[in-house]
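J.: Take this structure, written in structure tokens, and hold onto it; I'll ask about it next.
The values are calculated or read from the model by the stated rules, or taken from the named source; none is laboratory data. What you see is a predicted model; the values in this text were computed from it and never measured. Heads up, the Cβs are rebuilt from the backbone with ideal geometry, glycines too, and the neighbour counts pull from every protein chain shown.
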Amino acid sequence: MTSATSSELRSVAERYFAAWAACDAAAIARLHSADTMFWTHLGAEPVVGRDAVREAFEGIFARFPGFSFETYRVRYGSNHWVLDWALLSGGARFDCLDVVEVGSDGLVTRKDTFIDAVQMQAALSAGEH
């Protein structure tokens, strides 16, 4: 979002967070550019394109029933935000960090998610017993 105002970027972020809170993969994908990229840094390749991103988000909601999140903090830059958050699902809780880039048209062009893999594995293992 080159030369966007802080309030414009925050408005995009608020709509984005609301779509995630609603677990609405289609609404989230509509906030992404056609050639967007989503990469969960856990050894998998990134997914590219709005439809692929929507499918990836649908997979997250299927994998984590009752998906919700707790926001620790958000930091805004000129064309991006960094979200420090925890994923919550059925008693599981683990920390994540998102770096989200926004284009000049107000659409997300890239979302990188970094997950505390040790916390995730412990949370998921505890849920299996």
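J.: Can you tell me which residues in segment 7-16 are over 11 Å from the mean Cα position of the chain (by Cα) and either over 20 Å from F61 (Cα atoms) or buried (at least 18 other Cβ atoms within 10 Å of the Cβ) (or both)?
T.: Result: S7, E8, L9, R10, S11, V12.
J.: For segment 59-93, which positions are in a strand (DSSP E or B) and more than 26 Å from S7 (Cβ to Cβ)?
T.: S68, A86, L87, L88, S89, A92, R93
J.: Look at D84 and say whether it is over 18 Å from D116 (Cβ atoms), surrounded by fewer than 17 Cβ atoms within 10 Å (Cβ to Cβ) and charged (D, E, K, R).
T.: Criteria not met by D84.
J.: Would you be able to tell me the number of residues in segment 1-16 that are assigned to a loop (DSSP other than H, G, I, E, B) and not hydroxyl-bearing (S, T, Y)?
T.: Matching residues across segment 1-16 total 2.
J.: Now a separate question. In the set A122, A19, A56, A29, which member is surrounded by fewer than 16 Cβ atoms within 10 Å (Cβ to Cβ) and either in a helix (DSSP H, G or I) or at pLDDT 95 or above (or both)?
T.: A122
J.: Let me ask another. If I ask for residues that are touching a residue at least 12 places away in the same chain (Cβ under 8 Å), over 17 Å from L97 (Cβ atoms) and not in a helix (DSSP H, G or I), which ones from segment 32-53 would you list?
T.: H32, S33, A34, D35, T36, V48, G49
J.: Can you work out which of the residues in segment 32-51 that are hydrophobic (A, V, I, L, M, F, W, C) and within 15 Å of D112 (Cβ to Cβ) is surrounded by the most Cβ atoms within 10 Å (Cβ to Cβ)?
T.: Among residues in segment 32-51 that are hydrophobic (A, V, I, L, M, F, W, C) and within 15 Å of D112 (Cβ to Cβ), the one surrounded by the most Cβ atoms within 10 Å (Cβ to Cβ) is F38.
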